[in-house]
Amino acid sequence: MRRVAMVTSHLQGTRKSLARTFDVALLDLDGVVYVGRHAVAGVPDALAAVRALGMRLAFVTNNAARPPAVVAEHLTALGIPAEAGEVINSAQTAAHYLVDLLGTEARVLVVGTTGLDEALRERGLVPVHGADDDPQAVVQGYSPDLDWRQLAEGAIAIRRGLPWVATNVDPTVPSPRGPLPGNGSLVAALRHATGVNPVVTGKPNPAMHLESVQRSRAQRPIVVGDRLDTDIEGANAAGCPSLLVLSGVTAAADLLAAASALRPTYLAADAGGLLAAHEAPTVSGNTSRCGTWTATREADGALLLTREAQDNTRLAADDLDPLRALCALAWTPAGTASDGAHPDHWLVRGTNEAATAALGGLGLNR
C-alpha cells in the first residue's frame, strides 16, 4: 500500500474549508462521531453539510467488536446515513495481515466477538474458538462480552507458539461515564499471562489508515480523530494529514505536550471543523500568533497568552485560535513540549480577562 501524502509536525492552514480541500474524511468513531450510544452534539448535521459539499466519508475504528453492517445501522439511527462499505475497522486490517501471512483457508482462533469472525471470513480465513481446533494463529479484538474462557483459550494457543495479532492496544474506550477498559487492557492480561507481545495491526500502525485509503479509494484523504496516540500518530505514520477534535479523550494540555509524531495538521472542537477554513499560526522567535491571539515565551519558560487590543469579546466555544498560538510556540525547538515534558512541568498564563477566560475554557488555568 502506498503512502498518500507528506505531513509536517506543525499546525497548517487552508484558505478553503477542509471539506473542499480533501476528498475523503477518514473519521474515527468513538469520541469523534459518537460517545457511547449517542452522537456528539451537532456532528450529524455537520457531516450532512460536509457530504453536501462533495466530500465522501469513511468511518474508521479500532473497535473490532461490531461488524461494519451493525456499525452502519447504528450511524444511520444517529442521523448519519451510512453503508457497511463505508465502515473500516481494525478487524479487517488484522484479517488482511493474517491472509498475507498464512494464506486463505487458514484457521484462526478468535479472542473477541462476531466482528472478527466476519472480517476473517471476508478474507477467506476460518474463525475457530478453541485452542484445540487446530488454529494457525490467534487474533484478539475488543469485545465488551470477552470472558475468562476466551482469554484462557488464547493463552493456551499463544503459549504453543502461534502468531498472535491484536487489532489494537487502546487502553480505554470512551463512554458517557468516562473511559472504560479497552482492548489494550485485555491484551495486557494475555501479555502478562504468556510473556509474549502481539503484532498490533490497528492504529497507530499505518496499515490501518492505508487499508482505509484503499477501501475508500481516497486520493486526498484527511484523518479525523480524537486520540493523539492512535488516530494522529497513525495518520502521521501513514503520511495522511489529520484533524484532531477535542470532543473525545484529548485535552488541551495533552496537545501542548505532544511529541512530534503525535501532532495533528489541523485542530477543531469537533468534526464540524471540516466545514471551516483554518488559519495557520505563525512563529517569530519567542512569539506566535493566530488570529487575534498572541503567545509569548517568558524567561522562566512559561507561555503567556494575550488577545490583541485587550479584546474582551466572549470566546466562542469552537474558537481554538488561542490553543493554536500556544501549540505553535510549545512545539518549537525551544519549547518544553519538544523535550517530552509532561504538561504539569510548564505554565500557561493569561495577561487579560479574555486570555484568562480562554485558558479556563481550555482547562489550562493553573
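The values are calculated or read from the model by the stated rules, or taken from the named source; none is laboratory data. If you're wondering where the values come from, they're calculated on a predicted model, not measured in any experiment. Positions of Cβ are backbone-derived with ideal geometry, glycine not excepted, and every protein chain shown enters the neighbour counts.
So here's what we get for this one:
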{"item": "Residues being under 17 Å from Val199 (Cα atoms) and part of a loop (DSSP other than H, G, I, E, B) - total across the range 128-155", "result": "4"}
{"item": "Selected residue (criterion: surrounded by the fewest Cβ atoms within 10 Å (Cβ to Cβ)) from residues of the range 165-186 that are in a loop (DSSP other than H, G, I, E, B) and of a type in the set (S, T, N, Q)", "result": "Ser175"}
{"item": "Hits in the range 44-63 - residues which are at pLDDT below 95 and more than 17 Å from Gly85 (Cβ to Cβ)", "result": "Asn62, Asn63"}
{"item": "Hey, Ala317 within 19 Å of Val245 (Cβ to Cβ), modelled with pLDDT under 85 and among the aliphatic types (A, V, I, L, M) or not", "result": "yes"}
{"item": "The range 92-115: number of residues that are within 10 Å of Val165 (Cβ to Cβ), of a type outside the set (S, T, N, Q) and either in a helix (DSSP H, G or I) or within 20 Å of the chain's Cα centre (by Cα) (or both)", "result": "5"}
{"item": "Breaking point among (1) surrounded by 24 or more Cβ atoms within 10 Å (Cβ to Cβ); (2) closer than 29 Å to Val138 by Cα; (3) among the polar types (S, T, N, Q), for Asn197", "result": "(1)"}
{"item": "Among the residues listed as Ala302, Ala277, Ala271, Ala259, the single one being farther than 17 Å from Ala19 by Cα and touching a strand residue (DSSP E or B) at 6+ places or on another chain (Cβ under 7 Å)", "result": "Ala302"}
{"item": "Selection status of Glu153, without any contact (Cβ under 8 Å) to a residue 60 or more places away in the chain, of a type in the set (D, E, K, R), out of contact with any Pro (no Cβ under 7 Å at 6 or more places or on another chain) and under 29 Å from Arg227 (Cα atoms)", "result": "no"}
{"item": "Residues of the range 237-296 that turn out to be β-branched (Val, Ile, Thr), part of a loop (DSSP other than H, G, I, E, B) and touching a residue at least 60 places away in the same chain (Cβ under 8 Å), as a count", "result": "2"}
{"item": "Residue match in the range 219-231 (condition: within 18 Å of Leu29 (Cα to Cα), part of a helix (DSSP H, G or I) and in contact with a Pro (Cβ under 6 Å, 6 or more places away or on another chain))", "result": "yes"}
{"item": "Count of the range 40-70 residues which are under 16 Å from Pro221 (Cβ atoms) and either surrounded by fewer than 18 Cβ atoms within 10 Å (Cβ to Cβ) or in contact (Cβ under 8 Å) with a residue 40 or more places away in the chain (or both)", "result": "9"}
{"item": "Among (1) touching a Gly at 6+ places or on another chain (Cβ under 8 Å); (2) surrounded by fewer than 20 Cβ atoms within 10 Å (Cβ to Cβ); (3) under 30 Å from Val187 (Cβ atoms), the one test that Arg37 misses", "result": "(1)"}
{"item": "Among the candidates Leu102, Leu116, Leu190, Leu125, residue that is closer than 14 Å to Ala64 by Cα and touching a residue at least 12 places away in the same chain (Cβ under 8 Å)", "result": "Leu116"}
{"item": "Residues that are part of a helix (DSSP H, G or I) and over 14 Å from the mean Cα position of the chain (by Cα), drawn from the range 187-206", "result": "Val187, Ala188, Ala189, Leu190, Arg191, His192, Ala193, Thr194"}
